[in-house]
Amino acid sequence: MTYAVMGGGNTGQAIAGYLKLNGESVKLYTRDPQKAERISTQGLEVKGIYSGHVDLEASTTIDQVIAEAQFIIVSTTAIGHETIVNQIKPFLQPNQTIIFFPGYWGALECERILGTDLITEKNITVAETSAMPFVSLADQVGSVAITKIKYNVLISTLRKENQIAPSFMERFPQLIPGESVFETSLNNSNVVIHPPITLFNAARIDASERFQFYPDGASPYSCNYVEKMDKERMEIASRLHVDLQSILSILNEFYDSDYPTLYEALPGLFPTGLGPTTLDYRYLTEDIPFGLVPISELGKILGLATPYTDSIISTASLLMNSDYRQVGIRFQGLTEENLRRMSMV
């Protein structure tokens, strides 16, 4: 099989390294010419659960990366989805598959940008996952560490008639089929966990204080707030007849654990991991516009109140002088009937 991995960050390098260790043909796209040169000439050292040195072709030229790829894995931040889809659009070949790791509503954004005519004409399969397949960290000088594997990660396609190839599912055995891209994006656990804990630790983050994000930052009150946001998310899914799990259940399934409470699970599963040293970080800039804003907007369309979610969006927007709702996913022009039909496609 041939793969193009779009994005040279932690996840992109981890996925590309994992695939190469398993004998797959892989090319990596990165916007950074120095990173592309370093990886192409020196290779990539994979550490942790999987280990070994791999030779890997990396490039800043998109058409060269995706030209012969059966599977195009998009591992950029959600902020980069629109840009990357617009960039690959002119070079797509018939029967290619685009997968967003993780979704953040990437499949629906991809359909909006590509258009249904192009997707149908070229038989493009569009899919997304509910989470990254691994917990990983690249050191940016030649190695990437894969420290955890996530299990029972959902993957859904935009259209049920275009299913993911069995060969892809075999290569990523932690993936399980979901019913729709509403299920995958609404089951993204990051968006409910990261923003409130970040905001409730804003002063120490703004001061660049060194602290462990979950053991030090997740207090009983903040975890209680996360659970109230989680309830709003689950009420929306129930109205759309989308199968959803609580955040605690998702985490326990990801890591094959059995924590009784979220307050115990977060530091137990992630005992290390420093908090960000700036508020201009993906826990706000990605998880709010592409995670919480869609939840809030779905609530508006469905007539469901989301006060806990809305408060985080408003507070973060005012704090950061950014209109996260304006730049986020808002399902403009859709009705409850539209949403129900789309969520069951």
Task: Members of segment 299-314 that are loosely packed, with under 15 Cβ neighbours inside 10 Å and either β-branched (Val, Ile, Thr) or not in a helix (DSSP H, G or I) (or both) - done: Gly303, Ala305
Open item on the list: Exactly one of these conditions fails for Thr278: (1) within 28 Å of Pro173 (Cα to Cα); (2) polar (S, T, N, Q); (3) surrounded by fewer than 15 Cβ atoms within 10 Å (Cβ to Cβ). Give me its number.
Closed with: (1)
Task: Filter result for Thr272 (part of a loop (DSSP other than H, G, I, E, B), in contact (Cβ under 8 Å) with a residue 12 or more places away in the chain and over 19 Å from the mean Cα position of the chain (by Cα)) - done: yes
TODO: Would you mind finding the one in Ser208, Ser222 that is at positive phi, at pLDDT 95 or above and small (Gly, Ala, Ser)?
DONE: Ser208
Task: Search result, residues across segment 222-275 that are open to solvent by 40 Å² or more (accessible area, probe 1.4 Å) and polar (S, T, N, Q) - done: Asn224, Ser238, Gln245, Ser249, Thr261, Thr272
Open item on the list: Within segment 332-345, take every residue that is within 17 Å of Ala107 (Cα to Cα) and part of a loop (DSSP other than H, G, I, E, B) and give me the one that is modelled with the lowest pLDDT.
Closed with: Val345
Task: Positions within segment 164-173 being without any contact (Cβ under 8 Å) to a residue 40 or more places away in the chain and open to solvent by 50 Å² or more (accessible area, probe 1.4 Å), in sequence order - done: Pro166, Glu170, Pro173
Open item on the list: So Gly9 passes all but one of these: (1) open to solvent by 20 Å² or more (accessible area, probe 1.4 Å); (2) touching a strand residue (DSSP E or B) at 6+ places or on another chain (Cβ under 7 Å); (3) under 23 Å from Val141 (Cβ atoms); (4) modelled with pLDDT of 95 or more. Which condition number does it fail?
Closed with: (4)
TODO: Residues being within 19 Å of the chain's Cα centre (by Cα) and closer than 28 Å to Thr157 by Cβ: count how many of those fall in segment 310-342.
DONE: 5
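Answer yes or no as to whether Pro166 is within 20 Å of the chain's Cα centre (by Cα) and either more than 23 Å from Phe270 (Cβ to Cβ) or modelled with pLDDT of 95 or more (or both). Quick ask: steps written out before the conclusion?
Details: within 20 Å of the chain's Cα centre (by Cα): no; either more than 23 Å from Phe270 (Cβ to Cβ) or modelled with pLDDT of 95 or more (or both): yes.
So Pro166 does not fit the description; no.
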TODO: Test Gly115 against the stated conditions and say whether it is farther than 30 Å from Glu183 by Cα, of a type in the set (Gly, Ala, Ser) and surrounded by fewer than 18 Cβ atoms within 10 Å (Cβ to Cβ).
DONE: no
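Looking only at segment 133-163, which residues are outside any strand (DSSP E or B), under 18 Å from the mean Cα position of the chain (by Cα) and either buried (at least 18 other Cβ atoms within 10 Å of the Cβ) or among the polar types (S, T, N, Q) (or both)? Give the steps one after another, and end with the answer.
Going residue by residue through segment 133-163, those that are outside any strand (DSSP E or B) are 133, 139-142, 150-152, 158-163.
After this cut, where a residue has to be under 18 Å from the mean Cα position of the chain (by Cα) as well, the list is 133, 150-152, 158.
Residues satisfying the conditions are Pro133, Lys150, Asn152, Leu158.
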Task: Inter-residue pairs, beta-carbon under 6 Å, first charged (D, E, K, R) and in segment 102-130, second open to solvent by 30 Å² or more (accessible area, probe 1.4 Å), 6+ apart - done: Lys122/Pro94
Open item on the list: Kindly evaluate Val191 against the criterion of being open to solvent by less than 20 Å² (accessible area, probe 1.4 Å) and not in a helix (DSSP H, G or I).
Closed with: no
Task: Count of segment 198-221 residues which are part of a helix (DSSP H, G or I) and touching a residue at least 60 places away in the same chain (Cβ under 8 Å) - done: 6
TODO: List every residue pair whose Cβ atoms sit under 7 Å apart, with the two residues 6 or more apart in sequence or on different chains, where the first one lies in segment 174-188 and is in a strand (DSSP E or B) and the second, anywhere, is open to solvent by 10 Å² or more (accessible area, probe 1.4 Å) and of a type outside the set (A, V, I, L, M, F, W, C).
DONE: Ile176/Asn152
Open item on the list: Pull out all pairs, ordered by first then second residue, where Cβ-Cβ is under 9 Å, the residues are six or more apart or on different chains, the first lies in segment 38-66 and is over 28 Å from Gln96 (Cα atoms), and the second is surrounded by fewer than 17 Cβ atoms within 10 Å (Cβ to Cβ) and basic (Lys, Arg).
Closed with: Gly48/Lys148; Ile49/Lys148
Task: Unmet criterion (only one of (1) assigned to a loop (DSSP other than H, G, I, E, B); (2) surrounded by fewer than 20 Cβ atoms within 10 Å (Cβ to Cβ)) for Ile329 - done: (2)
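The values are calculated or read from the model by the stated rules, or taken from the named source; none is laboratory data. Since the structure is predicted, the reported quantities are computational estimates derived from the model, not experimental observations. No Cβ is skipped: glycine too gets one built from the backbone with ideal geometry, and neighbour counts run over all protein chains shown. Protein only, heavy atoms only, side chains kept; ligands, DNA and RNA dropped before computing areas. Shrake-Rupley method; radii C 1.70, N 1.55, O 1.52, S 1.80 Å.
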